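Visitor: Mind having a look at this structure? Questions to follow.
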Amino acid sequence: MNGNTKPEIGSLGWFDLTVQDAETVKNFYSKVIGLKPEPVSMGDYDDYNMNSPDSGRTVTGICHRKGVNSDLPSQWLIYFNVENIEESIKACTQNGGKVLVPPKDLGNYGKYCVIQDPAGAVCALFRQS
């Protein structure tokens, strides 16, 4: 995403995979799909941006289930852009959903949370700063 342009509300902004062992899984997707891993330092370990071999553009992420991701299940997680995280959480719970991961601040990048809809499907809500 371009840091100067706000994403369209309701659009799919990002998706990533959170797993116990991101090292092994990033190698799997590198070999199966051809994505090129790029380490992203998380302090004492690396998560990975996975880049297109054609353009070099980051197309997804593969993350360890540690730190801010410690409460996430192992799955591909999609992030929907929303106008207001708190209002979206309120609407979620009022309409039969659950908040699985409360809002987390990503500094200058934005804020996200993870919800579950009444059918049990999980997604993240994201608000870019």
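Visitor: Computed FRET efficiency, Cβ-Cβ of Gln94 and Ala119, R0 22 Å: what is it to the nearest 0.05?
Guide: In this case the efficiency is close to 0.85.
Visitor: Simple spin-label model, 7 Å along Cα-to-Cβ: Val68 to Asp105 in nm?
Guide: Here the answer is 1.2 nm between the modelled labels.
Visitor: When the expected Rg is taken as 2.2 N^0.38 Å, what fraction or multiple of it is the alpha-carbon Rg of the range 1-56?
Guide: Compared with the compact-globule rule of thumb, the range 1-56 sits at 1.32.
Visitor: For Leu100, what residues show an amide H to amide H distance below 5 Å, using hydrogens built from the backbone and excluding near sequence neighbours?
Guide: So Leu100 has HN proximity to Val114, Ile115, Gln116.
Visitor: For the range 31-90, state which trypsin sites (Lys or Arg not before Pro) are in a DSSP loop and have at most 12 other beta carbons lying within 10 Å of their beta carbon.
Guide: Passing both the DSSP loop test and the Cβ count: Arg57.
Visitor: Additional query: Over all directions, how big on average is the projection of the convex hull of the alpha-carbon atoms in the chain, in square nanometres?
Guide: Over every viewing direction, the Cα hull of the chain projects on average to 8.2 nm².
Visitor: Can you tell me the FRET efficiency between Glu38 and Glu86 if r is taken as the Cβ-Cβ distance and R0 is 22 Å, rounded to the nearest 0.05?
Guide: For Glu38 and Glu86, the calculated efficiency is 0.10.
Visitor: Mind putting a number on the dipole of the range 12-128 about its Cα centre? Charges go on the C-beta only, +1 for Lys and Arg and -1 for Asp and Glu, and I need it in Debye to the nearest 20.
Guide: 140 debye
Readers should treat all values here as calculations from the given coordinates under stated rules, not as data from a laboratory. Note that the structure is predicted; figures quoted are calculated from it, not measured. Please note: Cβ atoms are built from the backbone with ideal geometry, for glycine as well, and neighbour counts cover all protein chains shown.
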